[in-house]
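The values are calculated or read from the model by the stated rules, or taken from the named source; none is laboratory data. Quantities reported herein were computed from a predicted structural model and do not represent experimental measurements. Methodologically, a virtual Cβ is constructed for each residue, glycine included, from the backbone with ideal geometry; neighbour enumeration extends over all protein chains shown. Areas reflect the complete protein model, heavy atoms only, side chains present, ligands, DNA and RNA absent. Shrake-Rupley method; radii C 1.70, N 1.55, O 1.52, S 1.80 Å.
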Amino acid sequence: HLYDLINDTTKELLIPNEGHLVKGTIDSIGNRYAYVDIGWRESALLDLHKEKPEYIESFSVNAEIDVIIKRSNLHRSGELEVSYSEAIKHVKYREIFDSIGQPTAYLAYVKELIHGGYFLDIEGVRCFMPGSLGGVNKLVNFEELLDTSIYVCPINYSKEKDYIVVSHRDYLRALIPQALDAIDPGDAFGGFVTGTTRFGVFVEFNKCLTGLIHKSDLDEEDLHKFNNRTLTPGDEIDFTVKELASNDRIILTQKEFIPVMDPWNDVLEKYNIPSEVT
């Protein structure tokens, strides 16, 4: 009977394994450690020195929290160590992973520039962004994104490297329809050159929009630079929206803007039905 009782009690215990996400209840909070009941015979240690201040402020006795088992010395000291920060990271990683391919964006901090791209931090989750996906057009200065916060969309998972791949370009492209609705012919902007062709200059402006200034619409100074091939990507340039063409094409100009009158705008006021017209 005693054996059966002990055996049944053991079955009810959670066997703590390192790396597992478990639920726990805070038993007590000291200066260095909080003690968390995770269903084992002894409380687990939560090192407050390894937790963020904002997390510690949310802790209270009897509060239920998710924790990751960091260290399990059951055969020696019987001591367990858990982490709330690691649990938050684990849950956020799963959230980001599950949103791959979905229209979801996260605010990410650009921490490191390496050959081929960037490493970013999304609430503790380390992600990778190829340099080609850092802007709506090819980046002119790759270092300008360092130590900034940008919105990115999860687009892939690299099994070989074991990280989630994100894209700032996908986020910016999602903004284009709304940004187009907010501009009209005659609006003036400042932007920068992203590239040149034999017939004109491509310009990025308003964070996500790209337009074309035909060489015939360049002012005298920039036309001189264009002809001498000294107008280069990254150069700042001022212009006016000339036309919003089909397929979301934006035509720009540096010349005086002359509105094109649409003859159909006041057609109902000009003509009666029926009537004879030439």
Response to the item:
In the range 117-197, the GluC sites (Glu not before Pro) that sit in a DSSP loop and have at most 16 other Cβ atoms within 10 Å of their own Cβ are 123, 160
Fill in: Potential lengthening between residue 148 and residue 236 on full extension [0.36 nm per residue; Cα-Cα distance subtracted]
29.6 nm
Item to complete: Please work out which option in [x] 22.3; [y] 25.4; [z] 24.1 gives Kirkwood radius over Cα pairs in Å calculated from these coordinates, and answer with its label.
Response: [z]
Practice prompt. Using R₀ = 30 Å, calculate the FRET efficiency as 1/(1 + (r/R₀)^6) where r is the Cβ-Cβ separation of residue 197 and residue 104; round to 0.05.
Written response: 0.25
Worksheet item: If you count the DSSP beta bridges with both ends in the chain, what percent of them are antiparallel, to the nearest 5?
Response: 90
Item to complete: At 1.4 Å probe size, with every protein chain present, just tell me what the per residue accessible area of the range 137-181 comes to in Å².
Response: 63
Worksheet item: With axes computed from alpha carbons, what is the tilt in degrees of helix 84-98 against the longest principal axis of the chain, rounded to the nearest 10 within 0 to 90?
Response: 50
Fill in: Whole-number percent relative contact order across the range 161-224, with pairs defined as alpha carbons under 8 Å at least 6 apart
23
Response to the item:
For the range 193-278, listing chymotrypsin sites (Phe, Trp or Tyr not before Pro) in a DSSP loop whose Cβ sees at most 13 other Cβ atoms within 10 Å gives 199, 264, 271
Discussion item. How tilted is helix 168-181 with respect to the longest principal axis of the chain? Cα atoms for both, answer in degrees (0 to 90, nearest 10).
Written reply: 40
Item to complete: May I ask you to list the lysines whose Cα is less than 21 Å away from that of residue 225, ignoring any residue fewer than eight positions away on the same chain?
Response: 215, 255
Discussion item. Could you identify which residue out of 164, 38, 114 has the top mean-square fluctuation in a GNM of the chain using Cα springs shorter than 10 Å?
Written reply: 114
Item to complete: Subtract the Cα-Cα distance of residue 20 and residue 161 from 0.36 nm times their separation in residues, and report this length gain in nm to one decimal.
Response: 48.6 nm
Item to complete: Give the distance, in whole Å, between the Cα centre of the range 90-166 and the Cα centre of the range 17-35.
Response: 31
Discussion item. Among the listed pairs 159/207; 70/92; 70/159; 161/207; 111/159, which have their C-alpha atoms separated by more than 28 angstrom in this model?
Written reply: 159/207; 161/207
Worksheet item: Taking 0.36 nm per intervening residue step and subtracting the Cα-Cα distance, what contour gain separates residue 112 from residue 275 on full extension?
Response: 51.6 nm
